[in-house]
Amino acid sequence: MEEVRCAALEVDVNGEATFLVNKSILASFSGRISKLFGKSTELDSKLKVIFHDFPGEAEGFELMARFCYNNGKIQITPFNISVLHSVAHFMEMTRDSSGNGTLVEQTDNCIEEIAYWSWSELVVALKQCQILIPSAISSILLDKCLEFTVAKLVSVCDETSSISSPDSSGFRYSCDTKSTQSGKHNSCRPNWWFEDLTFLNQCLLEKLIKAMLSRKFDQLTISRFLFYYQKTRSSGVDLDKKLKIMETVIDHLFLLDWNFVSCKSLFGILRVASGLKISKCSRDKLESMIGVQLDQANLDNLLIPSPPGINSLYDVNLVLRFLKLFLLGGDSWVSVTRMRKVANLIDLYMSEVAPDPSLRPSKFVALAIAVPDSGRDSYDGIFRAMDMYLEIHSKLTEEEKLKICCALNYEKLSSEACKHLSQNSKFPCKTTIQALVSQQGKHMKLQSNTEKENKRKLIEKEKEQVVLYAKNLNFPAESEDLREHLQGMQWRVLELEKVCRKMQTQMAKVIKTKVTSSSSTSTAKSLPWLCS
């Protein structure tokens, strides 16, 4: 039996390294070794085992062997817990011949204290978990690490009113010197942790974002981290890797409230994506996020070159899709202010693309009519773009020119624009006539409104004078009878004046009739003047 205990065991770990160990010592702690060689009694035969998927590779086996040779004792820290925990379960370290507890028990106890780990300890544990995945055992520790990593970040955000840095709250930013120095100088910045977590692969990134969303973490900070992650991880990698990173970031941004996603940064991703063949699903998501906040874009954002195979200089179809998405408004109503900002942006865009000789009239008209008439205060911008377009595309037929000009609302053209249009030979004759009619109509309407306003002001002035006159007729209380008497006299005078005017009119008619009916040259008798 003594000889059996001393039997040597050769262990090949993932083809990386070979260890020669005492089979009996390992079997006293490892259930897996005990099952494989526990009944072996051959003294001279050389025992050998080959592992192809040993957790932590050679380093992991060395840690386990050290535990066994040290009679079940090893210092377990956050820096080796991931490997030891995975090895303990892989090798079925549930046997204890020392009384110190099995390796499984010891690692499980250490994991229970994860809430007290520092930031750097959590980061290192996450890195080890990422290396060990897809081990099912490592995912248990991974979920714990992610849970408390997000908890640490949330606690820092909740302590923004405090001047103290995370170091004073029991944190360390990272074992990396550069990151630590950065953290000390920017302890109140919400992006202090970005650099520390850019090592995460797509799988762990997804788990991290989901954990953050479940904890109601600030979505603006999440979106900024995703943009930082995309920029950092895409540097120096091949196209396939860059493509996967891009699609992963887009998918995660799509899960956020789009109000917290920077439109400018989305356009940055779009320009990079234009050179990559990202999936249609990811492209649709990216365009949707941009489209609903198109009012935050500027002209430079929209000047995206056309994809290969299209002759036009700029990707007009993309802008039209943005407009359609904006008008749909996602799930919210588009305000007049936002609509007008987009209308002004499209006017600038039309002026920029109008000189393109390859831009078809149908696309130009589609841009002009994409924004509803109610969203525009003025059509002067569209008119200027049309002027440039017709100058470059001078060979258009009269019918094509008329279709283009149908997008104009002459009522919303300024007098200067109408005058310019009426004298512009590049526009069809019918259009210039409409401009003149519209200008004349606006002048007549303006004149009518001016006359109505003057009349209104005159009436208001007369009313004010009557009111002032009435206010000045203030009789003392003792002259009440006199006031009533005067009012009665005024009323009778007015009535007498009416009677006199009526009698004068009648007498004038009688005189005219007698003069015209008389055949003699005799002079008509004079009539008495009444009420002269």
Task: Distance in nm between pseudo-label sites at Ile310 and Glu105 (7 Å out along the Cβ direction from Cα) - done: 6.9
- [ ] In whole angstrom, note down how far apart the Cα centers of the range 15-37 and the range 86-118 are.
- [x] 18
Task: Inter-label distance, nm, simple model (7 Å from Cα along the C-beta direction), Lys48/Lys216 - done: 6.1
Open item on the list: For the range 362-404, compute Rg over Rh where Rg is the Cα radius of gyration and Rh is the Kirkwood radius from the inverse mean 1/r over Cα pairs.
Closed with: 0.98
TODO: Would you kindly state how much longer the chain becomes between Leu20 and Lys430 on full extension, computed as 0.36 nm times their sequence separation minus their alpha carbon distance, in nm to one decimal?
DONE: 137.8 nm
TODO: State the volume of the convex hull built on the alpha-carbon positions of the range 243-291, expressed per residue in Å³ and rounded to an integer.
DONE: 64
Open item on the list: Under the 0.36 nm per residue contour assumption, what length would be gained going from the current alpha-carbon distance of Ser362 and Ser374 to full extension?
Closed with: 2.1 nm
Task: Label-to-label distance, nm, for residues given as Phe254 and Lys509 (7 Å Cα→Cβ offset) - done: 9.0
Open item on the list: Can you tell me the length gained on complete extension of the stretch Ser274 to Ala115, counting 0.36 nm per residue apart and subtracting the Cα distance?
Closed with: 52.8 nm
TODO: Sticking to Cα atoms, compute the Rg of the range 360-440 to one decimal and its Dmax as the biggest Cα-Cα distance, whole number, in Å.
DONE: 11.7, 33
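Bear in mind these aren't lab numbers, they're just calculated from the coordinates by the rules spelled out. This one's a predicted model, so the numbers in the text were calculated from it and none came from an experiment. Don't worry about glycine lacking a Cβ; one is built from the backbone with ideal geometry, like all the others, and counts go over all protein chains shown.
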